[in-house]
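Everything on this sheet refers to the single structure shown next.
Readers should treat all values here as calculations from the given coordinates under stated rules, not as data from a laboratory. Just so you know, these numbers come straight off a predicted model, no measurement behind them. Cβ placement follows ideal geometry from the backbone for every residue including glycine, while neighbour counts extend to all protein chains displayed.
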Amino acid sequence: MTRALVLRSLMLQISGWSSLLLGSWLLCLMLMQLLFGRELNRLQTLQLGRDLALNIRLTELTLERYPPALIKELTGLDLVIAVQPPGPERDDRSNDDRRRELQQELCSRLSHCPMLLPATSGETTAVQGGGQQIWIELISPLEPVWLRSAIPATRRWPPDPMLMLIALVGAVIITGVVYLLKEVEQPLRGLERGLARVGEGNDPPALQAQGAPEVQRITRRFNAMVQRLAANRQERATMLACIAHDLRAPITRLQFRLALPSLDATERQRCRHDLESLERITSQFLMYAGGGEREAPVVCPLELWLAEVVASYPSEQLHLEPTPVQARIRPIALGRAVSNLIDNAFTYGKPPIVIRLLTTKDGTSLEVWDQGSGVPTAQWSRALQPFQRLDEARGQQGHCGLGLAIVNHVMQHHDGTVTVRRGPGNPGRFAVVLTLPSEGQAKG
């Protein structure tokens, strides 16, 4: 059944492209005939004029020595002795232009300008495919002599073989261009759009394999690649979520034991510190596993959203400098990123912390300033990688190197950037800057 469908589809494609080729050929042939048919007829008339001029000169030379009847018998030329030879009952005015062109050609090649008159079809002169019969006046020393000749009919159909060949070449070119546009260019554009969506968070849908066989193979390989990436992403998220879930069980047991009265104050404080570290690591794993990809972006006023994010921090150590602006963001994911930056500023920097919300030519910037020395410039790119701790001692404080990696992950899904800035102390000495694009839209 499948083979029959494939064969039927192949036959339909062949029939369609053959019809397009035939239609293009007929269209090109009509255009060629319209553009160059008259020029070919003119060239044909010029060639006929050259041949007739030679015959007229030879005949006029012969008439000087021999009578017209003898010349007619010996050469087969259709000669008539008359003041005005007989013409057709009805003159076809449509051939006047060709007769006039032929007369001009003869006048330019002979020493005199002969008269041309329409004639009836003779027994000895016939024109294939129809045409016009004419009388041509000859110079004779004794009596007026007329030579009957034929002007071939204007060729309209079938057209000239050269025009048919040129039209066929044009039809092949047109069909090839249409084939490239439909079977190659359009599927490749769809593949390009699919590639642009890879890595934006949501997996792009599978593309339909269409077009040329080579493009279909590339499309199938792309679909397989997307499936592998989705499986790897799901495996990573499941692994991180399982690790975080498994850590919560011993954390709960430790919290229960801390509630027992048998522990002294010093031991209880140490256990509580370890619990906080474990809980911080677990939260970072969960945030990195989620990344905010499945959160739908919404348009909201950033100054109000930012005030809600920083509401839990001490106001005497954190100052907010907002600018009214609206943008399309994932509020929960971006809030986690800002909270990570504020926590880092309190932990490794020096208060006061200043958060500025600005509108620049590059878009909307959110700056988190502190008074510390910040991350060295040479190590900034490393700090954005997951599980990278610039200070190995941080691992003993519940840090696993995911703070800035989470920030970078979230900003990638907002089509934004994470950069650093250093200042003289007003508003701070070191800042991490989150920049949303100018259109203020996160990728969905």
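State the extension gain, in nm to one decimal, for the chain segment bounded by Leu46 and Leu27, taking 0.36 nm per residue of separation less the distance between their alpha-carbons. Provide the component values of the computation, followed by the final result.
On the way: separation 19, 0.36 × 19 = 6.84 nm, distance 2.85 nm.
Result: 4.0 nm gained on full extension.
Rounded to the nearest whole Hz, the Karplus-based 3J(HN,Hα) values (6.51 cos²θ - 1.76 cosθ + 1.60, θ = phi - 60°) of region 360-375 follow the sequence 10, 5, 8, x, 10, 10, 10, 10, 10, 9, 9, 9, x, 7, x, 7, with x at glycine and proline. Label separation (Asp343 vs Gln269): 2.3 nm, computed from points 7 Å beyond Cα along the C-beta direction.
Applying the Karplus relation 6.51 cos²θ - 1.76 cosθ + 1.60 with θ = phi - 60° to region 333-346 yields 3J(HN,Hα) values of 5, 5, x, 5, 5, 5, 4, 4, 5, 5, 4, 4, 5, 5 Hz, where x marks Gly and Pro.
Stretched out straight at 0.36 nm per residue, the stretch from Thr377 to Ala311 would grow longer than its current Cα-Cα span by 20.7 nm. Tell me the net charge near Arg221. Cut-off is 14 Å between Cβ atoms, Arg221 excluded, with +1 for each Lys or Arg and -1 for each Asp or Glu. Net charge around Arg221: +2. A cut-off of 5 Å between modelled amide H atoms, ignoring neighbours fewer than 5 places along the same chain, links Thr364 with Leu436.
Separation of region 201-232 and region 296-323, taken as the distance between their Cα centroids, equals 41 angstrom. The modelled label-to-label distance between Gln13 and Arg197, using points 7 Å beyond Cα along the C-beta direction, is 2.4 nm.
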